[in-house]
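Trainee: Below is a structure I'd like to ask you about.
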Amino acid sequence: MPDSRPPRTDRGFSLIELLIVASIIAVISAIAIPYLVQSQQAARYASAISSLRTIHSSQMTYRTVKGVYTDLATLGDSGQLSDTAIAAGEKSNYRFTVSLGADPTLSFTVDATPTITPTLWNHYFADQSGLIRFNAGAAATIASPLINK
């Protein structure tokens, strides 16, 4: 019995069809990529703020036990700061620096400085009060505005 189906012609996509698919992908990418970048940056900001809170909490505990504030390495070595990345001074594209006051029993400050595009990203500042301040594109200080979180 002969095959009554018409002969099948194998052909690929036309150039127009490929251009349409490529343009659809380009439009979707143009819409999605900025949102992805914004969400990554928001996650880094949240990580920096969380790290500052962790450092503050560790400093308060260390001061209760030892009577003074200390640096990140000592916090890590003493077991008060369990996050090794923070104890090493860098996490989520931020560098953390603790400065002790003239009297280490009374004060300390901690700065979170972005390691990528510091002229665009938020910088953060905290002290023994636990209040976190920020400044976009430059170092944050005690005079910078408070975060809203």
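Trainee: Conditions first: (1) among the polar types (S, T, N, Q); (2) part of a strand (DSSP E or B); (3) without any contact (Cβ under 8 Å) to a residue 24 or more places away in the chain. T117 passes all but one, so which condition is the exception?
Mentor: Failing condition for T117: (2).
Trainee: While we're here: Return the only residue of I116, I86 being under 15 Å from the mean Cα position of the chain (by Cα) and surrounded by fewer than 15 Cβ atoms within 10 Å (Cβ to Cβ).
Mentor: I116 is the lone residue from the list that is under 15 Å from the mean Cα position of the chain (by Cα) and surrounded by fewer than 15 Cβ atoms within 10 Å (Cβ to Cβ).
Trainee: Can I ask one more? Quick one: F108 ticks every box in (1) under 14 Å from S58 (Cβ atoms); (2) open to solvent by 30 Å² or more (accessible area, probe 1.4 Å) bar one, so which box is it?
Mentor: (2)
Trainee: Turning to a different aspect of this structure: With assigned to a strand (DSSP E or B), of a type in the set (K, R) and either in contact with a Ser or Thr (Cβ under 8 Å, 6 or more places away or on another chain) or loosely packed, with under 15 Cβ neighbours inside 10 Å (or both) as the only criterion, which of R63, R44, R95 stands out?
Mentor: R95 is the lone residue from the list that is assigned to a strand (DSSP E or B), of a type in the set (K, R) and either in contact with a Ser or Thr (Cβ under 8 Å, 6 or more places away or on another chain) or loosely packed, with under 15 Cβ neighbours inside 10 Å (or both).
Trainee: Sticking with this one: Given the conditions (1) within 16 Å of L120 (Cα to Cα); (2) more than 28 Å from the chain's Cα centre (by Cα), which single one is not true for Q40?
Mentor: (2)
Trainee: Of the conditions (1) under 30 Å from S107 (Cα atoms); (2) assigned to a helix (DSSP H, G or I); (3) open to solvent by 50 Å² or more (accessible area, probe 1.4 Å), I31 satisfies every one except a single condition; which number is it?
Mentor: All conditions pass for I31, except number (1).
Trainee: Here's a follow-up. Within the range 62-80, work out how many residues are out of contact with any helix residue (DSSP H, G or I) (no Cβ under 9 Å at 6 or more places or on another chain) and either free of Cβ contacts under 8 Å to residues at least 40 places away in the same chain or over 12 Å from Q128 (Cα atoms) (or both).
Mentor: Matching residues across the range 62-80 total 4.
Trainee: Hey, another quick one. Suppose the filter is farther than 16 Å from Y45 by Cα, in contact (Cβ under 8 Å) with a residue 24 or more places away in the chain and over 23 Å from the mean Cα position of the chain (by Cα); does L100 pass it?
Mentor: yes
Trainee: Residue check: is P145 modelled with pLDDT of 95 or more, open to solvent by 30 Å² or more (accessible area, probe 1.4 Å) and out of contact with any Leu (no Cβ under 6 Å at 6 or more places or on another chain)? Walk me through it before giving the result.
Mentor: Details: modelled with pLDDT of 95 or more: yes; open to solvent by 30 Å² or more (accessible area, probe 1.4 Å): yes; out of contact with any Leu (no Cβ under 6 Å at 6 or more places or on another chain): yes.
Yes: the conditions hold for P145.
Trainee: Here are the criteria: (1) assigned to a strand (DSSP E or B); (2) open to solvent by 60 Å² or more (accessible area, probe 1.4 Å); (3) closer than 26 Å to S39 by Cβ. Tell me which single one Y124 does not satisfy.
Mentor: Going through (1) assigned to a strand (DSSP E or B); (2) open to solvent by 60 Å² or more (accessible area, probe 1.4 Å); (3) closer than 26 Å to S39 by Cβ one by one, Y124 breaks only (2).
The values are calculated or read from the model by the stated rules, or taken from the named source; none is laboratory data. Small disclaimer: the values here were computed from a predicted structure and weren't measured. Heads up, the Cβs are rebuilt from the backbone with ideal geometry, glycines too, and the neighbour counts pull from every protein chain shown. We work out accessible area using only protein heavy atoms, side chains counted, and drop any ligands, DNA or RNA first. Shrake-Rupley method; radii C 1.70, N 1.55, O 1.52, S 1.80 Å.
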